[in-house]
Every structure is written in C-alpha cells, then in structure tokens.
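The values are calculated or read from the model by the stated rules, or taken from the named source; none is laboratory data. None of the values given here were measured: they were computed from a predicted structure. Counting neighbours? That spans all protein chains shown, and the Cβs are built from the backbone with ideal geometry, glycine included. Calculation scope for accessible area: heavy atoms of the full protein, side chains included, ligands and nucleic acids excluded. Shrake-Rupley method; radii C 1.70, N 1.55, O 1.52, S 1.80 Å.
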Amino acid sequence: MPEVRLMKGNEALAEAAIRAGCDAYFGYPITPQSEVLEYLSREVPKKSNMVVLQAESEIASINMIYGAAGAGKRAMTTSSSPGISLMQEGLSYIASAELPCLVVNVNRGGPGLGTIQPAQGDYFQATKGGGHGDYKLIVLAPSSVQEMADHVRLGFEFADKYRNPVMILSDGAIGQMMEKVELFDQLPRDMVKKPWATTGKAKNRERNIITSLHIDPYDMEKINLRLQEKYKQIMENEVRYQSFQIDDVEYLLVAYGLSARICQKVVEIGREKGIKLGLIRPITLFPFPWNIIRSVSERVKGILDVELNSGQMVEDVRLAVEGRAQVKFYGRMGGVIPSPEEIFENFEKEFLKGEAL
Amino acid sequence: MSENTQLEIEEQNFLEEDICVKENLVFDRTQALTDVEMHYCPGCGHGVAHRIIMEVVDEMGIQDKTIGVAPVGCSVFAYNYMNIDMQEAAHGRASAVATGIKRVLPDKFVFSYQGDGDLAAIGTGETVHTVNRGENILIVFINNAVYGMTSGQMAPTTLEGMVTTTSPYGRDPKIMGYPLKIADLIAPLPGAYYVTRQAVNNAGNVRKAKKAIQKSFEYQKLNKGLCFVEIVSNCPSNWKMTPVESNKFVEEKLFPFYPLGDIKVPKEIK
C-alpha cells in the first residue's frame, strides 16, 4: 500500500525529492516556498545522507546545482519568482552544458518584488527561455499536491532521459494548500549511469569536460542544432495534458495549474446551465499540447484561455488554433485569484453576449 | 648565415630522433597536462601556474580523483590544458560550482582556478561564502591586476594610479574605489584554513607556489577546509609591456602592495 498523507504542496514536493533519489538540494529562502528547504533541513538528517545546503543566494544555488549535476548526481533547487529570475543565467549555462536537474518555481505575483500570493506571470520566462540564447526547459505544471509529488519523480526522469533542465512551474496556492497525497516508495540513488559526468578521469577514458563555451561559431551552431533536435524529440514524445468533458464540447476552456482547478468548476457551472463547456489542462507547458488544442478547436464555437497573468499561454493557444476558432482571454494579476463565477460571467460576456440561452 | 656554417650544421646532422633518446631525457612532460600549445600570450604566468598545479596532481597520483573548475577570463580554456575532468563555470561562480561538486563527491580533490575579475568582482559573494563555509576545496586565485580576456580593463585589484583601458588616466580611488586585497579579506574567516600569496615570476617563487599548492591538496586530503592560494601574476599584453618588463612591474609595483607569503597558516602547524 502506498503511503497516504495530508501534506502541504511544498512539503509533498520536498518528501518526493527524498524518495526520488535526489542526491543534492541547494536552496535559498523565499516565500511562498521556504517550506521545501525547511522540510529537507529537518527530515533529511534523520534518514539519508542526501546533501541539503542553504546557499547564500539563488545565484549560488543554481551554480551549485550545475556543479553537482555535472558531477553526475540528481540535483534540485526550488525558489519563487524573484529568485528564479536570479537563476536565469545559470539555467542558460545548464541547458547549454546539457546537465539534468530539477528547478521548481512556486510562482508568486510580480513584476519586481511583487507579492507573495499565487500567480502565473512566469509562464513566458519558464517556457520561452528566460535566460540568454536558444534553449528550452521541460516545464511541468502541477495543479494539485499529488502532482507536486509526482512531478518531482517525472521531472528527474525527463531530466535524465534528455540531459536537460526541468522546471516544475507551480504557484503559491498549490505550494501552500494541504491535500491528501499518495507518496511513491523510496527509489534508489544513482539509478542512472552518467559516463559523461566529471567524477575524476579514470585511466581508461578521456577526460570529461562540462562546458557551454564553443568559441568557433560553426561548433556553437552544431551544439545549437543538436539542442534543437533534442527539443523536437521532446515535443514529439513527451506532451502531457488532461481533458475534462471535451467529447461534446462547444466552448473550450484552456488553463493550467491553479487556474485549471478553478476552470473545472467553471465547466460544472456551464454544464448545469446547459452550456457544453470543456477544459484542456496542459500538464507539460513545454512541450505544449498544440495538437490536441488544434484538433478540438476545429469543432468548437469559441475558446477561453484563463490564466493568473495578463495573457501569456494564450499566445501558444492561438498558435495552436491558427484562427480556426475565436480565442479569448480572461485573467487576474498580482496574486488575485478569480472565482469560478467571475470566470463564467466573463465567458458569457465574451461568447454569449447576453443572448438568451 | 655563411655557407660554411650551414655546411657544419648539415655535417653534424642533428635529427630529433638522435637527440630524443632515453639516455638524454632528464625531464618528462607533465602527464596531467595535455600535449597541446597553450593560447596564453608570451610571458604570461598562467602557463606556469597551470603547470605547477598539474605537477602536484601528477606527483600525488590524484589525476583520477581531481576535478577542476575553470572560470570566465583568460583561463576559461584551462580545461583544454589540464588533463583531468573539469567543469567550466559561469563568470564568478566557480566556487559555487566547486561547492556543488565537492558536496556530492567528498572523496575527490576539487579546485577552482579563477582570475581577479572573476573571483574578486563579480564572484565576491560566492568567494566569501565558500570560504566562510569552510568548503574542503582549493581556490587558486590568479591576480594580475587587470581584466585580461576582455583586453585590459580595470580589475578590482588594479593598483592606484595604474593605467587600464577603463582607467586611462590611472585608477583614481576617489572615483573608482580602492584595489581590493581579497586574500586579506577572507583570511580572518573561520572557514579559511590556509591562505597564502605566492608568485611565479622566477624559479624560486615558482617552487614556493608549487609547495603551497601541494600543501593545499594535502590539507584537502585531511578534510581541513578551505585553502586559498593567490598567485600574483603578470599580463604583458594588456600592460603593454614585454614579458621581462612585466615581471619587473610585478616585483616593483605589485609585490609592495600584494606582499608575498602566508597570510593564514593552520594553527596546529604554526
């Protein structure tokens, strides 16, 4: 029987890190995710020799991840929006050097120091690069405490499979809320062989170099082409999404993370009123579920994208839809969470224009 | 060259394979260095510094247990020359990267190799905290008082009055701040086990610097904590000097401000 516990999202994620065989965690306190560092600092010494270190900054954290991941170990850090901004340089280097690791952003309201309430304003930063150069993170968007745990395991699997940094893009609500969570059993450490890692040059092999520097432009272009080929593979193989009531859908909602939870309720409200609402929830934000959204868009009267930002993912939805249906957006910013009723009202305003049902 | 001289040389017929015979060889290439030409400018201290570190690695027999971290700066390509596993860090972050490596591979020897811009400007935070945590690593700090790779801008260690491309009228501390003695700054921190300032400008100093590197690796083996070896070096190209002039500048200008010698030695050995 799997262990079932009532846990905060951040704590479930921390426990999952231990169970996923994470070798090293480097972090820096920031609300609303400090429970991860606290949980690991408290729990790890009781049962494991996993490295847990509070760094002097997020810049140091991400570079410690670089070192530990380059040494072939499962490494992870967590932060929230302003801290994730500080990590962008490191993420660009990690993506270029192709180091597998897990970075968690418990998104809060911005820009700037912003607020500590949940938001989704970091979608662009997470999915479109964030740091300099052409690179992609694999981005997972949990919408429950259960997924906060499960995405840690999945994230490490993706990271190791593709030698690519993976980001879990959560938010302050998913991080702070308590829910029932089924915890997976402890996995062994060092499951994945990493012959490329800097573990000391054994006599029978060439030296291993971890670098993102390729001074000859033609060499650098080759690296870029290889990375792009990898991202293409990821787009072909790893798209994940969840759909609710899309078989007979007439109006489609698209939302991820916390917004998707609220939109499930919006679907219910609509259905009670006889409006065939349905929902697609992207679980991977990169790779984005373009195909399913494109195919559903061919048979709907309209699409409403809902986010806790000014409209970021909606650009990807429009790219997927390519004009096949009208795509509207509704969002709140700065840490404000809309109610299902508020979203439904805006859906009515956008698509039904007060017409009698 | 006269015809006669040419003839003599031909008669003597010095062929490489005749000279390079076992009984003539008194000195080997350092095995832990790769067999390639370095990109460093003529007279630059980097080559010698690389060499003494790798000689120590050879002599201690730890090539398979040593992981180096290269910085951003002239020695960004250190991994092309050091025949060991290496990681190339972002600018200033080498000691954080080294921390990450050492924490997960505590039985390996880990060192970072950093210049003054990298370690004492953009990476000051990482440097201070890595030292203060007493990470069991070696930081080799090459101080030549100038940004070399970007061609001669003012460094945190540039002397007062010293001319660089961004202090073309000489460094004026009232505007540009004072040269930073970072080794003295970190030495009092409890995590610092051994802090020393060395040079590679002449044979005697090279031997002393090598000894400091060797001690540092020995201390690391004994889990003693952080060792910091500053090497006061030169930059003939960006100082616009010949190698000989640059070494003279090192002795006459840099040594008075950055005096050589141990800054902190282990208490139990004092």
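Looking at the stretch A:250-303, which GluC sites (Glu not before Pro) are DSSP coil and have at most 16 other C-beta atoms within 10 Å of their C-beta? Write out the running numbers ahead of the final one.
Values: sites: A:Glu250, A:Glu268, A:Glu272, A:Glu298; in loops: A:Glu250, A:Glu298.
Of the GluC sites (Glu not before Pro), the ones in loops of the stretch A:250-303 whose Cβ has at most 16 other Cβ atoms within 10 Å are A:Glu250, A:Glu298.
Inter-chain Cβ neighbour count for A:207-216, averaged per residue, equals 6 (cutoff 10 Å, partner chain atoms only).
Going down the list A:Lys47/B:Lys221; B:Lys108/B:Lys267; A:Lys47/B:Lys65; A:Lys161/A:Lys193; A:Lys203/B:Lys108, which pairs span over 18 Å between their C-alpha atoms? Spell out each step's value before the answer.
Working: A:Lys47/B:Lys221 27 Å; B:Lys108/B:Lys267 25 Å; A:Lys47/B:Lys65 28 Å; A:Lys161/A:Lys193 11 Å; A:Lys203/B:Lys108 15 Å.
In this structure, A:Lys47/B:Lys221; B:Lys108/B:Lys267; A:Lys47/B:Lys65 exceed 18 Å between Cα atoms.
Taking all protein chains as shown and a probe of 1.4 angstrom, A:Glu221 keeps an accessible surface of around 100 Å². Label-to-label distance, A:Val4 versus A:Asp216, with points set 7 angstrom from Cα along the beta-carbon direction: 6.0 nm.
Given charges of +1 on the Cβ of Lys and Arg and -1 on the Cβ of Asp and Glu, with all other atoms neutral, how large is the dipole of the stretch A:3-237 about its Cα centre, in debye to the nearest 20? Please report the intermediate quantities before stating the final value.
Working: 26 positive and 28 negative charges, 150 e Å.
It works out to roughly 720 debye.
Under 16 Å from a point placed 7 Å out from the Cα of A:Lys353 along the Cα-to-Cβ direction: which residues of the stretch A:306-336 have their backbone N that close? Answer for this model: A:326-328. Going toward the positive end of the dipole of chain A, with +1 on Lys and Arg Cβ and -1 on Asp and Glu Cβ, which of A:Val36, A:Leu213, A:Gln264 do you reach last? Value: A:Leu213. Here is the list for the stretch B:167-270: chymotrypsin sites (Phe, Trp or Tyr not before Pro) lying in DSSP coil, each with at most 15 other C-beta atoms within 10 angstrom of its C-beta, are B:Tyr169.
If you rank A:Cys263, B:Cys20 by how much accessible surface each has, with a 1.4 Å probe, what is the order from largest down?
Values: A:Cys263 0, B:Cys20 75 Å².
Correct descending sequence by accessible area is B:Cys20, A:Cys263.
Can you pull a Stokes-Einstein diffusion coefficient for the stretch A:12-142 at 37 °C (0.692 mPa s), Rh from Kirkwood over Cα pairs, as a whole number of µm²/s? Walk me through the intermediate numbers first.
Values: Rh = 14.8 Å.
Translational diffusion coefficient: 223 µm²/s.
Could you work out the Kirkwood radius for chain A, taking every pair of different alpha carbons, averaging 1/r and inverting it, reported in Å?
21.0
Within straight-line reach of A:Lys201, meaning a Cα separation under 18 Å, sit the following aspartates and glutamates at least 8 residues removed in sequence or on another chain: B:Asp35, B:Glu55, B:Asp58, B:Glu59, B:Asp64, B:Asp85, B:Glu88, B:Asp107.
Can you compute the charge dipole magnitude of the protein assembly as shown about its Cα centre, using +1 on each Lys and Arg Cβ and -1 on each Asp and Glu Cβ, nothing else charged? Give it in debye, rounded to the nearest 20. Could you put the intermediate results ahead of the total?
Numbers: 68 positive and 78 negative charges, 327 e Å.
Dipole size: approximately 1580 debye.
Using the average count of surrounding beta-carbon atoms within 10 Å as a protection proxy, the listed peptides A:333-343, A:87-97 rank, highest first, as A:87-97, A:333-343.
Rounded to the nearest 100 Å², what's the accessible area chains A and B bury against each other, both chains counted, probe 1.4 Å?
Numbers: alone 15430 and 13570 Å², together 26350 Å².
Chains A and B together bury roughly 2700 Å² of accessible area.
Kirkwood Rh, the stretch A:241-352, all Cα pairs: how many Å? It works out to 13.5 Å.
When each of the peptides A:98-107, A:17-26, A:315-324, A:224-233 is scored by the mean number of other C-beta atoms lying within 10 Å of its residues, the order from highest to lowest reads A:98-107, A:17-26, A:315-324, A:224-233. Heavy atoms of the protein chains alone define the surface here; on that basis the protein assembly as shown has 42 Å² accessible area per residue at 1.4 Å probe size.
Per-residue mean of foreign Cβ neighbours for B:114-125 is 1 (Cβ atoms of other chains, 10 Å radius). Which of B:Ile53, B:Gly43, B:Thr99 sits closest to the plus end of the dipole of the stretch B:1-156, meaning its Cα is farthest towards the positive end, when Lys and Arg get +1 and Asp and Glu get -1 on the C-beta? Of B:Ile53, B:Gly43, B:Thr99, it is B:Thr99.
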